[in-house]
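The values are calculated or read from the model by the stated rules, or taken from the named source; none is laboratory data. None of these values were measured; they are calculated from a predicted model. Please note: Cβ atoms are built from the backbone with ideal geometry, for glycine as well, and neighbour counts cover all protein chains shown.
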Amino acid sequence: MTTTPTTHPAMPEFVTGAHKLLIGGEWVEPASGKRIDVVNPATGGTLGSIAQGDSSDIDRAVKAARRAFEGEWSRRTPHQRRKLLLKVHDIVLDHFDELALIETLDMGAPLARTKGLAEWTSQVLQFFASQCDAAGAAAPQNSLPGNFLTLKHQAPVGVVGGIIPWNGPLIGLWWIFGPALATGCTAVLKPAEDASLSVLRVAELLTEAGVPDGVVNVVTGYGAEAGQALA
């Protein structure tokens, strides 16, 4: 009887780094200089570290997001945003095996499960891209006498703050970044301190896809510090 040895994918170089905060298009150290160890839940071993952001870092990120919103980003046409989201789709899917492995190492879901999220991610990004052109809708006629046509105009409103849990950040991040990119808003995202790596790698890919500086910002840290400040 012969057996085939089990092969394991190589550790992505990204995992073992000392990761910074993404604020205004730049990767910066936290104001406190503090860091949080990234622990592999399957082994208890330390993989790398993330920045321990706090209220001062959140303040910097929100201001950066506001500047980006008040710049050219919120004036982009729905068609321009749709093209960008489709480019994001292609880049993220091209790197999905890496993202799935990062997610597994960081938060513990089986690799078969995280790899299986590729089709879901493809669908959700295409959905948000399709919503860029849904800029208005006719509402039902109200009960007032006479003939009325009511239109609902959808426009970007500003900075969105998002906090996501540990049990699926590769899914949860799109509930923040997807609508923001589709509508012309900007976002500050605080992932769970237990599972931030896939979010940080996606943020790199968003920059690579051409998302303007400050449109998406990521501040890692504890809920009682960075999360509370963002809330």
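Things worth noting here:
- Taken over the range 92-113, the criterion of being buried (at least 17 other Cβ atoms within 10 Å of the Cβ) and either without any contact (Cβ under 8 Å) to a residue 60 or more places away in the chain or of a type in the set (V, I, T) (or both) is satisfied by V92, F96, I102, T104, A109.
- Failed item, numbered, when A109 is tested on (1) within 16 Å of the chain's Cα centre (by Cα); (2) assigned to a loop (DSSP other than H, G, I, E, B): (1)
- In the range 201-231, the residues that are surrounded by 24 or more Cβ atoms within 10 Å (Cβ to Cβ) and not β-branched (V, I, T): G214, N217, G221, A226
- Consider the range 40-76 and keep the residues that are aliphatic (A, V, I, L, M), surrounded by 17 or more Cβ atoms within 10 Å (Cβ to Cβ) and in contact with a Leu (Cβ under 9 Å, 6 or more places away or on another chain). The one that is farthest from S196 (Cα to Cα) is V62.
- Test: E193 is charged (D, E, K, R), surrounded by fewer than 22 Cβ atoms within 10 Å (Cβ to Cβ), within 26 Å of P78 (Cα to Cα) and in contact (Cβ under 8 Å) with a residue 40 or more places away in the chain: no
- Given (1) within 22 Å of R82 (Cα to Cα); (2) part of a loop (DSSP other than H, G, I, E, B); (3) in contact with a Gly (Cβ under 8 Å, 6 or more places away or on another chain); (4) modelled with pLDDT of 95 or more, index of the condition P156 fails: (4)
A quick yes/no check of all residues on (1) touching a Gly at 6+ places or on another chain (Cβ under 9 Å); (2) among the small types (G, A, S):
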| position | (1), (2) |
| --- | --- |
| I23 | yes, no |
| V28 | no, no |
| S32 | yes, yes |
| D59 | no, no |
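- Any hit, the range 35-48, residues being within 22 Å of V188 (Cβ to Cβ) and of a type in the set (S, T, N, Q): no
- Any hit, the range 101-116, residues being among the β-branched types (V, I, T) and modelled with pLDDT under 95: no
- Scanning the range 100-133 for residues that are charged (D, E, K, R) and under 13 Å from G168 (Cα atoms) yields E103, D106, R113, K115.
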